[in-house]
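**Q** Sharing a structure here in structure tokens format.
The values are calculated or read from the model by the stated rules, or taken from the named source; none is laboratory data. Just so it is clear, the model here is predicted, and its values are computed rather than measured. A quick note on method: Cβ atoms are made from the backbone with ideal geometry, for glycine too, and the neighbour counts reach across all protein chains shown.
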Amino acid sequence: MSRLLTGLAVGLLSAAASGQALAADWGVQQEPVFKPAYPVDMMPYEDSLDFEAGIRYFYGMGGQRATIAGQNYTADDSSHFVEVHGKIDDSSTNTYVQGNLGYAAAIENSYQTPTSGGVQTTTTGAIAYGGVDFGYLPVNTEGFALGGVLGYQYLNESAYMGRSSYLMESGGGNSDPNSLEVHGLRLGATARADLNDVFDVRVDAAAIPYASLSGTYGAFDLASIDPALTQGNAPQISGHLYGGALEAMVGFKPHENFAIRAGVRGYYLTGPTETYFESRDPVDPTVSQGFTTQGTMELFRWGPVIELTGTF
């Protein structure tokens, strides 16, 4: 009996002590068993990416000046381009990626070759362009940004300039128009200025230290060098060009997510070329001889641009 009474006394004393400890902590918030991963008062994450997309109209006045085997080939066109463009800005790293793609919906071209019989006019051909730029803006304040650009430039300058006929190995005849492509490297600078959230100015200037030219120069006619020879292929041209490009735009923002811009752009490329052509035996078309000749090429285009752009 004495042991039972002793046990009950110890239990009552322990319960009383626990009650006093709980009473002392009354009103104090206890630590939760499971803590949240983030503070409950943490602000929502702000996306650092801004997107821009739109369309442009470019009235491009361009041309080419080629010298092949001492013969001159010229073309001048006024073309109406439709262009789509897009851009992604990352404000957390002060970088952006932008790209564009344009195609001549209408061409008005005049050309002259050694065998064209003077200046000829045409509305046929294919002219297009595209490119991708990566930019970094180490100077990026509230209303002004300045930085550098590394990019890729594609050009298709295939205005129609006639097509010389040639004899194939099978004995049949054929002809091909000009088909010239350029793949170039762009290194440049970019600047932006925002004025009162209503107007903006953008200027991009780039050197093109290297551009690879390749394709078919169907306007070349072997008869202009030696009428006694029979042409045996569509001449192939290649070259290493260099030059530069410039674009300046002024914009008006009637709404924070919409902009209307207008400006001017242009590019110029020049450099040495090499053209390969063949002479074929008309009696035995399986017999041919290849020739390579050196020359030069100039490509240029400039004109006004109008842009409609949305941001989101």
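**Q** Quick check: anything in segment 145-159 in contact with a strand residue (DSSP E or B) (Cβ under 6 Å, 6 or more places away or on another chain) and part of a loop (DSSP other than H, G, I, E, B)?
**A** For segment 145-159, residues in contact with a strand residue (DSSP E or B) (Cβ under 6 Å, 6 or more places away or on another chain) and part of a loop (DSSP other than H, G, I, E, B): absent.
**Q** Now for a separate question. Which is over 16 Å from S158 (Cβ atoms) and modelled with pLDDT under 95, of S91, S116?
**A** Answer to the selection: S91.
**Q** Continuing with the same structure: So for segment 66-84 (the condition being touching a residue at least 40 places away in the same chain (Cβ under 8 Å), closer than 20 Å to G303 by Cα, touching a Ser or Thr at 6+ places or on another chain (Cβ under 6 Å) and not polar (S, T, N, Q)), does at least one residue qualify?
**A** no
**Q** Another question, then. Counting just the residues of segment 128-144 that are in a strand (DSSP E or B) and more than 26 Å from G60 (Cβ to Cβ), which one comes out nearest to the chain's Cα centre (by Cα)?
**A** Step by step, filter segment 128-144, then rank; the result is Y136.
**Q** Within segment 215-224, is even one residue of a type outside the set (D, E, K, R) and at pLDDT below 95?
**A** Looking through segment 215-224, at least one residue is of a type outside the set (D, E, K, R) and at pLDDT below 95.
**Q** May I pose another question? Check segment 125-132 and report whether any residue there is modelled with pLDDT under 95 and closer than 24 Å to F220 by Cα.
**A** No.
**Q** Ok, one more. Sort out which residues of segment 113-148 are surrounded by fewer than 11 Cβ atoms within 10 Å (Cβ to Cβ) and of a type in the set (D, E), and write them in order of number.
**A** The one that is surrounded by fewer than 11 Cβ atoms within 10 Å (Cβ to Cβ) and of a type in the set (D, E): E142.
**Q** Right, something else. Test S165 against the stated conditions and say whether it is of a type in the set (S, T, Y) and under 15 Å from S214 (Cβ atoms).
**A** It is false that S165 is of a type in the set (S, T, Y) and under 15 Å from S214 (Cβ atoms).
**Q** Quick one: count up the residues across segment 247-304 that are among the charged types (D, E, K, R), touching a Phe, Trp or Tyr at 6+ places or on another chain (Cβ under 8 Å) and within 30 Å of V198 (Cβ to Cβ).
**A** Keep residues of segment 247-304 that are among the charged types (D, E, K, R), which gives 247, 253, 256, 261, 265, 274, 278, 280-281, 284, 298, 301.
Applying the additional criterion that residues be touching a Phe, Trp or Tyr at 6+ places or on another chain (Cβ under 8 Å) yields 253, 261, 265, 278, 280, 298, 301.
Keeping just the survivors that are within 30 Å of V198 (Cβ to Cβ) gives 253, 261, 265.
Qualifying residue count for the region: 3.
**Q** So A159 clears everything in (1) crowded, with 20+ Cβ neighbours inside 10 Å; (2) under 26 Å from the mean Cα position of the chain (by Cα); (3) of a type outside the set (F, W, Y); (4) farther than 14 Å from Q64 by Cα except one condition, right? Which one?
**A** (4)
**Q** For residues that are free of Cβ contacts under 8 Å to residues at least 40 places away in the same chain and part of a loop (DSSP other than H, G, I, E, B), scanning just segment 163-206, find the one that is farthest from the chain's Cα centre (by Cα).
**A** G172
**Q** Which residue, of S116, S110, is over 13 Å from the mean Cα position of the chain (by Cα), over 17 Å from W302 (Cα atoms) and of a type outside the set (K, R)?
**A** From the options S116, S110, the qualifying one is S116.
**Q** Determine whether segment 282-291 contains at least one residue that is charged (D, E, K, R) and either closer than 27 Å to G118 by Cα or touching a strand residue (DSSP E or B) at 6+ places or on another chain (Cβ under 9 Å) (or both). Show your work before the answer.
**A** Initial filter on segment 282-291 (charged (D, E, K, R)): 284.
Add one more test, that the residue is either closer than 27 Å to G118 by Cα or touching a strand residue (DSSP E or B) at 6+ places or on another chain (Cβ under 9 Å) (or both), and what stays is none.
No; the residues of segment 282-291 include none that is charged (D, E, K, R) and either closer than 27 Å to G118 by Cα or touching a strand residue (DSSP E or B) at 6+ places or on another chain (Cβ under 9 Å) (or both).
**Q** Then there is this: For segment 207-226: of the residues being in a strand (DSSP E or B) and free of Cβ contacts under 8 Å to residues at least 60 places away in the same chain, which is farthest from Y152 (Cα to Cα)?
**A** Out of the qualifying residues, it is T216.
**Q** In segment 112-125, which residues are outside any loop (DSSP other than H, G, I, E, B) and in contact with an Asp or Glu (Cβ under 9 Å, 6 or more places away or on another chain)?
**A** Passing the criteria: T121, T122, G125.
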